[in-house]
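Contents: one structure, followed by commentary.
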């Protein structure tokens, strides 16, 4: 039979099959649009997870470990003398001078007595819950590649960020908000910019959504000149066009990701403004964070910390919170890149980081969220124990730096690995970013060797072909 009858009209086989294909495309699109909610409930890891979400605090500019977390008494004793065996060492910006002690004293903190710089007294109050990794190393001594290496596991751009991998693996727990949000500093984006929260070759729906307390999500709200009815009509027309295009190009991930992004944007028109509205926050909470501090940079970062908590408690899976931005013409002005004036630069940056970050940890704990939230503190590499020749600052050092974790799945009050007496090189239990993320993924219930995506003939991973679980810091 070559034709079908419907409402007294003849429909030939070609028209019927054509209509059927559009109908199936519509069903596929409906399934796609429902996908975020399904992912939120059905995605499972490889083993039982100890954390549901991650907060990453990133301080771009390469924070000096020997002036913050890694106390080196030998620097104080040998201040002003050459670094033994490396008297003529040339680092990133050239020749180094003599050993230089920290401008600030280190104080014992918590019941453990961990020695922490006096410049971070609020964060020091949480030291008994932190697991320090003092033997980190990087593959690069340049800020841009260093930042994206810390966030993606590769020094070249174009690879998925940590949050994108976790979005891909676990999805979001709130279909009305992104799984992955990046909160840039009020002073600007970090080195390499958006490459730090890119989805790379993963489907585009997993890229980080960038917003902060000073700048809401762009292009989210409907313009006042467009009525609700007009917007709805446009959406319906766009859906028909998407169905038609999807039927002719099945499996096109970019289109699917764009459709999902538009639908998410529609849902976010209702959910995002509530998440970014601080009107319900008490005066005590605002004071805890320092959102009204007379230092406008500290107040801005404090608001970003508060925004991070609100996003985490509403189901955002991975939040990266930046404290510092790109390098500027004046070293150390906008981030932690203290080449020339370490003391002045860190006396600018430490107060901005300290109280708001500590308040965020306290607030998560008070609200019962710390039990299933993993907090990681990161920077792209460390700095030299010597002063840069002709300056009172320190040059780049990829051979030794400190990172720490806190929260779900993390052993409290431990220090893993060590640098040499001066903090120049990691020498004990030397670790890499691959080891770090193998451990992060494990806490989230993911085997880092099994979280893969086939791209250009290679099964890619966040940990590349490396990675060893740092079991010594797991609870």
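Rule-based calculations on the coordinates, nothing more; no lab input. What you see is a predicted model, and the numbers here were worked out from it, not measured in a lab. Please note: Cβ atoms are built from the backbone with ideal geometry, for glycine as well, and neighbour counts cover all protein chains shown.
Shown for 142, 225: other C-beta atoms within 10 Å of each C-beta, ranked fewest to most, produce the order 225, 142. Packing, as the average of other Cβ atoms within 10 Å across residues, places the peptides 293-303, 146-156 in the order 146-156, 293-303, highest first. Every pair of different Cα atoms in the range 70-222 enters the Kirkwood calculation, which places the hydrodynamic radius at 19.2 Å.
Max-minus-min Cα coordinates of the range 364-475 on each principal axis give 48, 47, 23 Å, with the largest extent listed first.
Per-residue counts of other Cβ atoms within 10 Å, averaged by peptide: what ranking do you get for 81-93, 53-65, 399-411, highest first?
Put in order of decreasing packing, that is 53-65, 399-411, 81-93.
Against the longest alpha carbon principal axis of the chain, how many degrees, from 0 to 90 and to the nearest 10, is the axis of helix 296-313 turned? Result, in degrees: 50. Across q = 0.08, 0.11 Å⁻¹, the chain modelled as identical point scatterers on its alpha-carbon atoms has Debye log10 I(q)/I(0) values of -0.51, -0.89, in the order of the q list. Across the range 293-451, counting alpha-carbon atoms alone, Rg and Dmax equal 17.4, 50 Å. Once the C-beta distance of residue 471 and residue 330 is scaled by a Förster radius of 45 Å, the resulting FRET efficiency is 0.55 to the nearest 0.05.
Efficiency by 1/(1 + (r/R0)^6): what FRET value for residue 104 and residue 418, r their Cβ-Cβ distance, R0 = 25 Å, to the nearest 0.05? Rounded to the nearest 0.05, the efficiency is 0.75. Kirkwood-type hydrodynamic radius, the range 92-181: 17.2 Å, calculated from all non-identical alpha-carbon pairs.
The residues 159, 381, when put in order of fewest to most other Cβ atoms within 10 Å, stand as 159, 381. A crude spin-label estimate for the pair residue 344 and residue 47, with each label 7 Å from Cα along the Cβ direction, gives 5.1 nm.
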